[in-house]
Amino acid sequence: MILHTVNQSPLQNQTLRSCLRLIKPGSTLLLIENGVYGALAESTASAEVLTALDKVSIYALEPDLKARSLLNKLLPGIQLAGYDTFVDLVEGHSTVQNWI
Amino acid sequence: MSNDPINDPIKKKFLFVHRKAPYGSFQGREFIDAGLMAAAFEQELSMLFMDDGLFILLDQQQPAAIQSKDFSEPVKKFSSYGIDKVFVDAVSMKERGLDTGDFVIDVNILDTNTLSELMDDQDIILSS
């Protein structure tokens with residue numbers, strides 16, 4: 001299985017949308033840097049992310065959420081990842097696709 | 001004396017359009033600092049936050065978590081620099097599910113038509 005990472009805001013470009021279009025069920029998506037805006041509960045990208053949550057695990061990097069003051073605005077179902085989890089996710093997947 | 005730059009400096013209307021999210025790069029941060037600098041030269045300044053630039057205004061950012069400088073810190077200095085024209089695009093706000101209670105300073109929320117007029121009214125527009 002592939003670990004996908006996205007570091008771009010879905011409100012600024014199509015990177016997250018392309019990832020969600022191609023990601024296979026059962027895969028894992030980790031939102032990092034400005035990618036964590038994809039974890040917002042009430043944005044124009046929320047519906048697509050919510051739909052994706054039915055088939056993929058989605059994590060958001062907690063330090064990036066904290067820096068941006070987003071911890072209290074998250075979609076239910078998004079899992080928080082610290083740097084330790086980030087390392088575990090990379091280690092636990094055979095391939096990493098970085099959507100940058 | 002119409003050409004005395006010391007006692008009668010030329011004043012222009014500047015609009016800074018903040019469109020980039022904080023922390024992804026330092027472009028946005030340097031752009032905010034440039035705005036403060038323009039204020040020091042006593043120009044007529046307006047600040048507009050739209051698109052992902054709105055996220056610069058969020059209260060309670062904790063940049064220590066990623067060893068970064070606080071992007072909202074220069075925004076908090078706006079009033080002490082005499083910058084009181086701070087505008088936010090209503091459409092961008094709605095797209096992100098944000099409301100005024102989320103912001104670190106008081107802002108004026110403008111609809112699309114009013115924003116177009118604001119832009120029309122400027123001498124110089126700078127955008128990030």
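The values are calculated or read from the model by the stated rules, or taken from the named source; none is laboratory data. Predicted model, so just to flag it, every value in this text is computed and none were measured. Neighbour counts run over all protein chains shown; Cβ positions are idealised from the backbone, glycine included.
Identification of strands (runs of 3 or more DSSP E) wholly contained in the stretch B:16-112 with 1 or more residues that are under 28 Å from A:Pro63 (Cβ atoms) yields B:44-49, B:86-89. In this structure, does B:Asp111 turn out to be modelled with pLDDT of 95 or more and among the acidic types (Asp, Glu)? It is true that B:Asp111 is modelled with pLDDT of 95 or more and among the acidic types (Asp, Glu).
Among the residues making up the stretch A:49-68, those that are touching a helix residue (DSSP H, G or I) at 6+ places or on another chain (Cβ under 6 Å) and more than 7 Å from chain B (Cβ to nearest Cβ) are A:Val49, A:Ala52, A:Ala60, A:Leu65.
Of the listed requirements (1) more than 11 Å from the chain's Cα centre (by Cα); (2) at pLDDT 95 or above, A:Gly38 misses just one: (1). So which residues in the stretch B:36-82 are free of Cβ contacts under 8 Å to residues at least 60 places away in the same chain, under 14 Å from B:Leu126 (Cβ atoms) and away from chain A (no Cβ under 14 Å), if there are any at all? Once the filter is applied, which keeps residues that are free of Cβ contacts under 8 Å to residues at least 60 places away in the same chain, under 14 Å from B:Leu126 (Cβ atoms) and away from chain A (no Cβ under 14 Å), the stretch B:36-82 yields B:Leu36, B:Met37, B:Ala38, B:Ala39, B:Phe41, B:Gln43, B:Glu44, B:Leu45, B:Met47.
Yes/no per residue for (1) exposed (fewer than 14 other Cβ atoms within 10 Å of the Cβ); (2) of a type in the set (A, V, I, L, M, F, W, C); (3) within 13 Å of the chain's Cα centre (by Cα):
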residue	(1), (2), (3)
B:Glu30	yes, no, yes
B:Leu36	no, yes, yes
B:Ala39	no, yes, yes
B:Phe49	no, yes, yes
B:Leu54	no, yes, yes
B:Asp59	yes, no, no
